[in-house]
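Quick one: structure below, then a few questions.
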Amino acid sequence: MNLRKYILFLMISLIFLQSASAAKTYLVTEHEPVYPGDTVFVWVPIKNTGYGTWLSDTVVKLVPANNATEKAVHVLDDAVAIGSIQDWNEMRTAKFKIHVDKSAVEGEYDFHVHITSKGNGDSSGSSPTTTMQEDRVLVVSGTPVVILSNSSVETVAPGSISEVVLKFKNVGTGTARNLYVDFDTTMEHLSKAFSIVGSGTRFPLGSLSPQDEAEVRFTLMVDALAQTGVYNIPLKISGMNYTTNDYIGVGIAGITDFELSYLDSGGSFLLSVANIGVNPASAVSVTIPTQNNFNVIGSSSQVIGNLNAGDYTSATFQMAQTGRSDLRVMIQYTDASGVRRSLEKKLPVKLSGTMSGTTGTASGNAGDQHEAMHSGGSNISRQAASLIPYAGIVLIGIIGIWQRKSITEMYKRLKFQRQREK
């Protein structure tokens, strides 16, 4: 007899299970929508669909159906007892407390419902039996958060044309649908400095699910007379279910450049540095690096201070030239944005004889002495050449005295002839 009751209970339970799992059933929640980070109550209805029997000592469990659900939703109540369900079509409700993880993305999360009970109220003679209801679904609604995650352009120069690539990412938990991004350059200070060339100022992003990315490309033209500084270009991201505002930070930095010149004076190499750019340069230093054909005696680096646009200053080095080539000079400075930069310049240099020795000034003097000892003829020629102007003056004087004497004698002869004719 007891065996017959047990088989009948199993058959009724199977019928109950099949009728309960025929369609997807959504869990009833304390409030809707449910967002990541929420802690809420959900209700699971349990209905006695077995005719002529009842369920006693019924215990209900809410179990995640897969790993995704287990990671996203935590069931805080292990099991809920709902007592006995005696009448056919009678229903009881099991109440569970759950917590949705903050990192959970929007979507549907599947659960199984395990129901353990005894049949016909015979708690002493019947063994507990567990049935399972499938396709119990919790709906979690996410919140999209779309940000500008990367920009290919940070600094531009006046008069430049740059291709800009902007990347947008949904770092939220919900899907943002049918998105567009609009750039606003209509403000006066922006319209004078920037122009988006070609395709207008609106660009599509499409729909972005959590962690999805999209990029926008356009050509940015900078006016040649644009003032230096940092500009924030406003942008608006909007779609069917999402709107936010952001901006692109673009710095206009005038070109910083330097012009070099030199003066070779008395065994010293005087290097002049001029700022020919439009931006000031701070903490400027010049270095003559190790290189062929030039030897620096003493310090090879000097700090020359700050240089505004149009300013110049000088640094003095002791240097010898041993061959023919351009001099490499390294200039280091801090630009208007606070970034330390390096710039290499080449300067055509031809030093005088006092600087042409291979071992510095001392070798140069020794070379001069050697030249003086072995070039006597040349020195005599140079001395003779230097006396030529004086010799010319003496010659003119001699010619003048000789002609004066000749003219005096001629005058006397003419005077004597006139006296005889009288």
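The values are calculated or read from the model by the stated rules, or taken from the named source; none is laboratory data. The shown structure was predicted, so the numbers you read here are calculated from the model rather than taken from an experiment. As a convention, Cβ positions derive from the backbone with ideal geometry for all residues, glycine included, and neighbour counts pool all protein chains shown.
With the structure loaded, tell me whether Asp246 is more than 30 Å from Ala176 (Cα to Cα), part of a strand (DSSP E or B) and either outside the structural domain of Tyr312 (by TED's automatic domain parsing) or in contact with a helix residue (DSSP H, G or I) (Cβ under 8 Å, 6 or more places away or on another chain) (or both) or whether it fails that test.
no
Continuing with the same structure: On the given criteria, is Tyr109 of a type outside the set (A, V, I, L, M, F, W, C) and modelled with pLDDT of 85 or more?
For Tyr109, the condition - of a type outside the set (A, V, I, L, M, F, W, C) and modelled with pLDDT of 85 or more - is met.
Given the conditions (1) out of contact with any strand residue (DSSP E or B) (no Cβ under 6 Å at 6 or more places or on another chain); (2) within 30 Å of Gln302 (Cα to Cα); (3) of a type in the set (Val, Ile, Thr), which single one is not true for Thr228?
Of (1) out of contact with any strand residue (DSSP E or B) (no Cβ under 6 Å at 6 or more places or on another chain); (2) within 30 Å of Gln302 (Cα to Cα); (3) of a type in the set (Val, Ile, Thr), only one is false for Thr228: (1).
Additional query: Does Ser149 fit the bill of being at pLDDT 90 or above and touching a Lys or Arg at 6+ places or on another chain (Cβ under 6 Å)?
Yes.
In region 53-80, which residues are among the small types (Gly, Ala, Ser) and either part of a strand (DSSP E or B) or over 55 Å from the mean Cα position of the chain (by Cα) (or both)?
Of everything in region 53-80, just one residue is among the small types (Gly, Ala, Ser) and either part of a strand (DSSP E or B) or over 55 Å from the mean Cα position of the chain (by Cα) (or both), namely Ser56.
Could you tell me whether Gly142 is assigned to a loop (DSSP other than H, G, I, E, B) and at pLDDT 85 or above?
yes
Restricting to region 37-90, name every residue that is touching a residue at least 12 places away in the same chain (Cβ under 8 Å), acidic (Asp, Glu) and touching a strand residue (DSSP E or B) at 6+ places or on another chain (Cβ under 9 Å).
Asp38, Asp57, Asp77, Asp78, Glu90
If we keep just the residues of region 287-307 that are surrounded by 16 or more Cβ atoms within 10 Å (Cβ to Cβ) and either in contact with a Lys or Arg (Cβ under 9 Å, 6 or more places away or on another chain) or among the aromatic types (Phe, Trp, Tyr) (or both), which is nearest to Gln321 (Cα to Cα)?
Phe294
Strands (runs of 3 or more DSSP E) wholly in region 149-227 with at least 3 residues that are among the charged types (D, E, K, R) - which ones?
Correct list: 161-170, 213-222.
Any residue at all in region 189-205 that is surrounded by 14 or more Cβ atoms within 10 Å (Cβ to Cβ) and in contact (Cβ under 8 Å) with a residue 60 or more places away in the chain?
no
Give region 73-93 a look and list any residue that's closer than 15 Å to Leu138 by Cα and crowded, with 19+ Cβ neighbours inside 10 Å, or say none.
Across region 73-93, the qualifying residue is only Val73.
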